[in-house]
1. In region 118-141, what residues are open to solvent by less than 10 Å² (accessible area, probe 1.4 Å), outside any helix (DSSP H, G or I) and near the ligand (Cβ under 6 Å from one of its atoms)?
2. From (1) among the acidic types (Asp, Glu); (2) open to solvent by 70 Å² or more (accessible area, probe 1.4 Å); (3) within 24 Å of residue 185 (Cα to Cα), pick out the condition that doesn't hold for residue 355.
3. Return yes when residue 144 is over 17 Å from residue 94 (Cβ atoms), within 13 Å of the ligand (Cβ to nearest atom) and without any contact (Cβ under 8 Å) to a residue 24 or more places away in the chain and no when it is not.
4. Looking only at region 95-115, how many residues end up being at pLDDT 95 or above, at positive phi and more than 9 Å from the ligand (Cβ to nearest atom)?
5. Could you tell me whether region 214-224 includes any residue that is touching a residue at least 60 places away in the same chain (Cβ under 8 Å), out of contact with any Lys or Arg (no Cβ under 8 Å at 6 or more places or on another chain), in a strand (DSSP E or B) and surrounded by fewer than 16 Cβ atoms within 10 Å (Cβ to Cβ)?
6. Report yes if residue 178 is within 24 Å of residue 30 (Cα to Cα) and surrounded by fewer than 19 Cβ atoms within 10 Å (Cβ to Cβ), otherwise no.
7. For region 80-94, indicate whether the set of residues that are within 13 Å of the ligand (Cβ to nearest atom) and within 15 Å of residue 198 (Cα to Cα) is non-empty.
8. Which of the residues spanning region 220-262 are at pLDDT below 95, more than 14 Å from residue 316 (Cβ to Cβ) and of a type in the set (S, T, N, Q)?
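The values are calculated or read from the model by the stated rules, or taken from the named source; none is laboratory data. Only a predicted model underlies this, so the values are computations on that prediction, with no experimental measurement involved. All Cβ positions, even for glycine, are placed from backbone atoms using ideal geometry, and neighbour counts span all protein chains on display. Ligands, DNA and RNA are stripped out before the accessible areas are found, and what is left, the full protein with its side chains, is counted by its heavy atoms. Shrake-Rupley method; radii C 1.70, N 1.55, O 1.52, S 1.80 Å.
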Amino acid sequence: MRRVEALIERLAVAGWLTQDPVRAALHDVPRHVFAPPTAWTGDGDPVSEKVDPEGWFDLVYGDDAIITQLDDGATDLAAGAGRFTSSLSAPSTVVSLLELLDVEPGHRVLDVGTGTGWTAALLAHLVGSQNVTTVEVDPAVSGRAAANLKQAGCAPRLVVGDGAEGWARGAPYDRVHATCAVARVPYAWVEQTRPGGVIVTPYDPGFGSSHELRLVVMPDGTAVGRFTGYASYMMMRAQRHPEWDTSGRRGEVSTTDIDPRTIGYAPAGADLAMGAALPGVCARGERDADAYVLRLWGPDAWASARYEPGRESFEVEQGGDRALWDLAVTAYFGWITRRSPGRDRFGLTVTPTGDRVWLDRPGVIG
Ligand SMILES: C[S@@+](CC[C@H](N)C(=O)[O-])C[C@H]1O[C@@H](n2cnc3c(N)ncnc32)[C@H](O)[C@@H]1O
């Protein structure tokens, strides 16, 4: 079996690939044209097309993202370490977003985060090149995408700019497809989409899990939709979460009977509820041998809670204007009281003044 057919089979068996037009696009658009000459998944060793062509093709037709840029281009890929800032997205996540997008031939699509150009090419296969506008913030990345797209024989409109602004000159769109994650859905996307149009984007508010989000634009100028699954993508540049940094600061130390892993390992629905209660607050856990540290931080406050094996109670340190650990614990038990709703019961409404997570029905706060 050819590698692309094996990949298609694998995605179909896993349940990612169900729609014939998406299957045909995956088959006809050659992913290897969009892959860099040295492919690296961020794990293991890079594989050079020249040195090991078989290994390179295996990687390119596997189900991994291939890293194409580190630190916005400031670090050479050969360094093998740095922040991942652009990639050729993983086939399963690409297929998942494309199927959610539910395109019809002739739909006008705004694609945000061109990257290598692969997803723009898949969209062009689905709706026609003339109907696809793809926006990339990084001129060098966009330049390489232009060359890849040319080689693949496909010509969507390429725009270099901030995808958070959409691209008004191409509006109205029937579909907006983002392959960089947002913590806040840009209202420009809603404004530039016709009523009934669909926006599909990775959503990562910073609190634990990240999510796949499908919104429908309403006649009143809002967009409403639900979280449909897991999605791990690089953040939109201007919306990147701040790093944890408490250097030189001391907080108030206390103890808790609640195992910090209860909050840190909570399922996606709990993360959405806690994130909604603590907008702008990030939560990340880190294992440290047998121990585990949960960190919470926002613009005004921070907290850490440490699990250590064999202890009856656990140390908590909280600093700043709010006691973030206490607030997260309250939000977590509020979620338990509401019978632990799963991710699919949460949704989001986007308005000109911002967006709001809800539970079951728009307006009801999760
Ligand atoms: C995961 S990559 C997209 C990969 C693409 N789907 C592919 O398969 O080649 C995310 C891209 O979003 C771009 N990006 C980040 N912030 C952006 C913004 N504000 N506007 C447009 N593009 C942005 C990054 O530079 C990066 O190239």
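1. 135
2. Only one criterion in (1) among the acidic types (Asp, Glu); (2) open to solvent by 70 Å² or more (accessible area, probe 1.4 Å); (3) within 24 Å of residue 185 (Cα to Cα) is unmet by residue 355, namely (2).
3. When the stated conditions are applied, residue 144 does not pass them.
4. Summing the residues that are at pLDDT 95 or above, at positive phi and more than 9 Å from the ligand (Cβ to nearest atom) in region 95-115 gives 1.
5. Within region 214-224, not a single residue is touching a residue at least 60 places away in the same chain (Cβ under 8 Å), out of contact with any Lys or Arg (no Cβ under 8 Å at 6 or more places or on another chain), in a strand (DSSP E or B) and surrounded by fewer than 16 Cβ atoms within 10 Å (Cβ to Cβ).
6. Taking the combined requirement at face value, the residue does not satisfy it.
7. Looking through region 80-94, none of the residues is within 13 Å of the ligand (Cβ to nearest atom) and within 15 Å of residue 198 (Cα to Cα).
8. 232, 247
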